[in-house]
Amino acid sequence: MSSAILWAPLAFGLLGLFLPQKAVGWWAVLGTAVTLGLAIVAAVGFDTGSSAMQYAVDEPWISGLGVDYSLGIDGLNLFLILLTAVLWVGGVAFAAFREQERAKSFFFLMLVAETATLGAFLAQDLLLFVLFFDLMLVPFYFLFGAWGHDRSGEGGITASAATLKMIVYTLIGSLLMLVAAIATAVLAADGGHLTFSLAALNEHGLGEGSQRWIFWFFAAAFLVKMPAFMLHGWMPDAYRAAPLPALIVFSGVLAKVGAYGFLRVVLPLFPDATVEFQEVILMIALASILYGSVMAFTQTNVRLIAGYSSVAQLGFITAGIFALQADGSDGAVLQMVNHGLVVAPLFVVVALLLERTGTEDISEMGGLALRAPVLAALFLIVVLATLAMPGSANFIGEFYILNGLFEAKIVFAFVAISGVAMSAYYALRLYQQTMHNRKPEGLLSREIGLRDGLILVPLVLCIVGLALYPQVVLERTAPSVAQTVAKVRQNEPPESRLASMSLEEKAEVESGALKIVP
Amino acid sequence: MSATAWAWLVLLFPLLGSIVIGVGFHALPQKVAGIIGTVSIALAFACGIGALLSLLGEDPEARHHASSLWDYASVAGLDIKLGIFVDPLSVFMVLIVTGVSTLIHLYSYGYMQSDEGYHRFFSYLNFFVFSMLLLVLAGNFVLLTVGWAFVGFASYALISFWYRRETATRAGMKAFVINVVGDIGLVLAAFLIFRELGSFDYGTVFEKAPEVFTTNEWTITAICLLLLVGAFAKSAQLPLHTWLPDAMEGPTPVSSLIHAATMVTAGVYLIARTHVLFELAPTAADIAAFVGLATLLVAATMALVMTDLKRAIAYSTMSQIGYMIMGVSIGAYSAGMFHLMTHAFFKALLFMAAGSIIAAMANDQNIDRMSGFGKAMRFTSITFVCGALALAAFPGTSGFFSKDEILAFAEARGGMYLIFTVLGYVGALMTAIYSFRLVFRVLPGRPCKEAQELIDTGHVAHEAPKNPATGEPEDTDVGFPGPEHHIAEQSLPMRVAMGVLAVLALVGGLIQIPGVDDVVTKFLDPVWEGSPLAAIEPTLGEDYTGLGIGGVIALLGIGIAYVLYVRRPELPRRLEQRLRPLHTLFANKWYFDEAIDFLVVRPALAIGRFANRTFERFVVDGLVNGTAETVRGAGGVVRAVQSGFVRSYALLLIAGFAGLALYFLLSSS
């Protein structure tokens, strides 16, 4: 099952190369739809209460190096795989509805990107993870560079220059991670049998000294990918250059691979370093929240508003993970899904606004709601979810994250929550300045068409559905998350573990039903 | 049927109404949309009655029920269910909200008839009622926050309903952001409650709180203060009130619904709901009471000088909510809720009457331009006077009994709390003056141009509407009433709504006359069971002295207003000159807006500008440009070997890191 999900997009992509230019778009849509179908089947058959790896595949691949072809689905990646599958259908369908230059290569690259991304989520072997993580960016380099937009004027930059900037950043991260992965396996083997299997590496703890530097090598790669504050320099230019169909999936999924990496790799493999550097990472997360929010409300380009708001949102997710509490990480996983589900439709709307008005600058837009009430209503739902309006699943995500942070580091929680107030302002401002207020002379507006409706409405329905029942994600995520967090906390002194327990657990400990194993 | 089943139905109808109207806006004829909207709220009211009867059929001690539909988000020890809590307090609120809302929908049915956004309006209005009901029925702090925020959003949507009017969209944004600040207070309070008590559920929290907390412990005080942030933001108490007057940009039925009858009372409800916590934190409760007192006085001074009809009534709302907040904070729970009810009647009515007058003025709200409407609009004037009498607490009217009950309680509690009685009466005097200032400025006298036209032709003024704040012509495409406005005299639904409310404003207080009957107190008593404060009861003597003083003050205030605005209309101008600094302070709304602008908005924008223009360009970009420069320099060396910048860079990195890795490997083994 895992293999089928992983290779389906690539298979369709390769076959698509033999089809005529006209049909290739729809063929790609079919490919992503089949992948989504497979992912849904996997989700339906998923055993909810279990923290074990399901649909696991484990074959030796390069046995000399101890690299396995090992895939699997558990609570951490189930919904990220679904998210990937959903957003790729949307992004590819969006592109298929429009003329694409060099359509064959475009759709081929899109499908390669999907396989690579799914691979990063599915991989249960460290080297396999690193490989897919790096492979994931390759198609996007080409998509951004060759199909992107050159920007003229102040701060203008060509698409290839923007892509280059992105390469510089991500390459550093990737190489650091490669080195770190090799080092992890070698050090864990300690002269014995070399293996990259995550399950095996979980068993062999590394010494604290090595954990310390390897932690930062991985962290650097993941923080660049998110991007986190100070490492986000590539983001504004790349976002402005990117072709919108590619940006829909890129913004929706790729940033989450970084956050996911923390949960999958860093927390279980480097628990001591995680505890040691908890506050440093939290500081970076807070800085991302505050800086991203402040930047988001000063921008006038819609892509950058969405981009900087993502910096802030990923800051929340990181903070949730590094609260090192079960609820914080549960919230983080939920929020990864939520954020993907709001930022992708946000870019669909950006594309539609661009087609209608010819501009991406909110100061040149206004009053569009009158001729496009349905588009306005859909946009409004997306915006409200973006600002984590209570009643949306995003609120539950943030609520869990902040509650975890509140239990762990109360001061951080108080600072982080100011980001919530700012998000209300920048998200609503985005809506208001495009849909409401006076309409500039000569600006055209029209209702969303049926085809784009077919893309936007299902995404909005996902948002609404999750808003009504976020438990569907939480209850499947919780067992795996609990295991991961417990792994980190196992070395803590018993008193501090007692302090962070829920009241029921404390009562159990007192009555002797639950024992704290040092 | 059980009370909880009725309560779920109460929630269902407005939500359904909102969705049906919202989704079917293309297909539904305007009339049908209005009818669906109004009927769905009326059905909710009927179900509210059902819940009431079901509760009354039970033992007073057993009148509280929890019910939940499904696990909303319950993992990792958090217990968040989609659950409601039904007890006399929530049912009381449900009845007020749905009852008054039904009338307001009826009024809107007529008032908004020529508005292009009719469907949207009813969809929003129904959603608003749903949100408010969710707020009062929620069974845990998370769902409370959801209702709380939905109400904030609905008010945003309705305030900026005429969305091409930039003053309106700005006002909507302001209301929304201040409300989010309130939401955050609520969320933080919930976190702290969870940390201490391990639950978000009302039942568990209120049961455990007295066991876990000692009186005035810092945690419980912090929880209550955070709850108060939420309460103050929603109920427009100092200093989070600045959104309320600006919110008058919305259509008048919105002002009537949100800014008079329902939304702004949420804070009062919250304090009453969590009274168990506030009784454990008397310091926080006293702070709330003093803020309420300060708000009621400050707002009253502003209401005295406002020349905008709706804004003057808005400040009066703030002031009246101040009484309620003060009441529930000092322990006068039933009295506070009683005042909430009577205020809903008379304030909704005042806004409706004001809306009718404003429509006749072609949307001009300046009272300096109004006069003589008594002759031109008989029905509107009579109802306006009814509302003003109740607001001024004229003996026998509903406001008379409810306001004095709060003040009498403060007196009975004695000690420091006498301050609230004394200053409460000062506020009452101002209330009587400003309410009749409006009456005497607008109704008697020589008819102004619009009033004269109405008398002569029977038609409402037909000028193209202009935004009084900016002078811009209104964009009537999106749903501004356009030249055709609707007044009560020409619309039966409006008259029915106003007529019912006028009767309630006058006689609504008769259900609770000291020594005669106590319907409200008796019904609500089980909610405050075990509370030592709720057991305090003013003696009959205290009650009637209070009523006596209150009556005299009301008459005195009305008399002063009569002298100032009818007998000697040159006096106010002279007073204004004599008290120039004071008048400037009041007219500029005590400079709250300017202070917030200076302390919050400007610094935030400055930080944003710095981040955008300086930091991002020189530090963040500088980092990558710096690395690029370095690499280019280094690349020059490599270029001899390899051409192409990226390739050489990658190679360099691989070599570098391989070396680094090797170093680490060797050193750590």
Output the residues belonging to region B:124-161 that are part of a helix (DSSP H, G or I), more than 10 Å from chain A (Cβ to nearest Cβ) and small (G, A, S). B:A154, B:S155
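Residues are listed down the side, and each one gets a yes or a no for (1) within 24 Å of the chain's Cα centre (by Cα); (2) at pLDDT 90 or above; (3) not in a loop (DSSP other than H, G, I, E, B):
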position: B:L16; (1), (2), (3): yes, yes, yes
position: B:I41; (1), (2), (3): yes, yes, yes
position: B:G48; (1), (2), (3): yes, yes, yes
position: B:A76; (1), (2), (3): no, no, no
position: B:K81; (1), (2), (3): no, no, yes
position: B:F92; (1), (2), (3): yes, yes, yes
position: B:T102; (1), (2), (3): yes, yes, yes
Looking at A:A43, A:A8, A:A28, A:A4, which one is in a helix (DSSP H, G or I) and in contact with a strand residue (DSSP E or B) (Cβ under 9 Å, 6 or more places away or on another chain)? A:A43
Output the residues belonging to region B:164-179 that are at the interface with chain A (Cβ under 8 Å from one of its Cβ atoms) and open to solvent by 10 Å² or more (accessible area, probe 1.4 Å). B:R164, B:E166, B:M173, B:V177
Considering region B:135-156 alone, what residues qualify as being in contact with a helix residue (DSSP H, G or I) (Cβ under 6 Å, 6 or more places away or on another chain) and open to solvent by 10 Å² or more (accessible area, probe 1.4 Å)? B:F150
Condition met for A:F46 (more than 27 Å from A:S329 (Cβ to Cβ) and either in contact (Cβ under 8 Å) with a residue 60 or more places away in the chain or open to solvent by less than 10 Å² (accessible area, probe 1.4 Å) (or both)): no
Is there any pair with a first residue in region B:200-213 that is within 18 Å of B:L186 (Cα to Cα) and a second that is open to solvent by 60 Å² or more (accessible area, probe 1.4 Å) whose Cβ atoms are under 6 Å apart and which are 6 or more apart or on different chains, and what are they? B:G203/B:A66
Based on what the data block shows, is B:Y109 in contact with a Pro (Cβ under 6 Å, 6 or more places away or on another chain), modelled with pLDDT of 85 or more and not in a strand (DSSP E or B)? yes
Selected residue [open to solvent by 10 Å² or more (accessible area, probe 1.4 Å), more than 14 Å from chain B (Cβ to nearest Cβ) and touching a residue at least 40 places away in the same chain (Cβ under 8 Å)] from A:D237, A:D272: A:D272
Go through (1) without any contact (Cβ under 8 Å) to a residue 40 or more places away in the chain; (2) within 19 Å of the chain's Cα centre (by Cα); (3) within 9 Å of chain B (Cβ to nearest Cβ) for A:P470 and report which single condition fails. (1)
Here the residues within region A:388-421 that are aliphatic (A, V, I, L, M) and facing another protein chain (nearest Cβ under 8 Å) are A:M389, A:I396, A:L402, A:A413, A:I417, A:V420, A:A421
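Okay, residues lined up against (1) closer than 30 Å to B:M494 by Cβ; (2) among the aliphatic types (A, V, I, L, M):
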{"position": "B:A261", "(1), (2)": "yes, yes"}
{"position": "B:A266", "(1), (2)": "yes, yes"}
{"position": "B:Y269", "(1), (2)": "yes, no"}
{"position": "B:L293", "(1), (2)": "no, yes"}
Looking at B:L244, B:L238, B:L227, can you tell me which residue is open to solvent by 10 Å² or more (accessible area, probe 1.4 Å), under 26 Å from the mean Cα position of the chain (by Cα) and away from chain A (no Cβ under 14 Å)? B:L238
Inside region B:50-74, the number of residues satisfying the requirement of being more than 14 Å from chain A (Cβ to nearest Cβ), open to solvent by less than 50 Å² (accessible area, probe 1.4 Å) and either under 30 Å from A:Q325 (Cα atoms) or assigned to a loop (DSSP other than H, G, I, E, B) (or both) is 2
For A:I40, all conditions in the list (1) touching a Phe, Trp or Tyr at 6+ places or on another chain (Cβ under 9 Å); (2) modelled with pLDDT of 90 or more hold save one; what is the number of the exception? (1)
Residue among A:G119, A:G91, A:G75 that is part of a loop (DSSP other than H, G, I, E, B), within 17 Å of the chain's Cα centre (by Cα) and among the small types (G, A, S): A:G75
For region B:218-234, how many residues meet the condition of being in contact with a helix residue (DSSP H, G or I) (Cβ under 6 Å, 6 or more places away or on another chain) and more than 21 Å from B:V142 (Cβ to Cβ)? 1
Which one of A:G419, A:G367 is at positive phi and either over 23 Å from the mean Cα position of the chain (by Cα) or not β-branched (V, I, T) (or both)? A:G367
Within region B:432-454, can one find any residue that is surrounded by 23 or more Cβ atoms within 10 Å (Cβ to Cβ), touching a residue at least 12 places away in the same chain (Cβ under 8 Å) and within 21 Å of B:V520 (Cβ to Cβ)? no
Hey, B:G530 without any contact (Cβ under 8 Å) to a residue 40 or more places away in the chain, open to solvent by 20 Å² or more (accessible area, probe 1.4 Å) and not in a helix (DSSP H, G or I) or not: yes
Being surrounded by fewer than 23 Cβ atoms within 10 Å (Cβ to Cβ) and either among the acidic types (D, E) or without any contact (Cβ under 8 Å) to a residue 12 or more places away in the chain (or both), is that true of even one residue in region A:309-328? no
B:T457 versus (1) open to solvent by 30 Å² or more (accessible area, probe 1.4 Å); (2) modelled with pLDDT of 85 or more: which is the lone unmet condition? (2)
Please identify the pairs in which a residue from region B:602-613 that is at the interface with chain A (Cβ under 9 Å from one of its Cβ atoms) has its Cβ atom under 6 Å from the Cβ atom of a residue that is open to solvent by less than 50 Å² (accessible area, probe 1.4 Å) and polar (S, T, N, Q), counting only partners at least 6 apart or on another chain. B:G608/A:T298; B:N612/A:T298
Here is a list of conditions, (1) at pLDDT 90 or above; (2) on the phi > 0 side of the Ramachandran plot, and B:G331 meets all of them except one; can you say which number that is? (1)
Scanning region A:49-68 for residues that are crowded, with 16+ Cβ neighbours inside 10 Å and without any contact (Cβ under 8 Å) to a residue 60 or more places away in the chain, the one nearest to A:R264 (Cα to Cα) turns out to be A:Q54
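The values are calculated or read from the model by the stated rules, or taken from the named source; none is laboratory data. Not measured: the values here are computed from a predicted model. Glycine also receives a Cβ, built like all others from the backbone with ideal geometry; neighbour counts cover every protein chain displayed. These area figures cover heavy atoms from the full protein model, side chains too; ligands, DNA and RNA do not enter into them. Shrake-Rupley method; radii C 1.70, N 1.55, O 1.52, S 1.80 Å.
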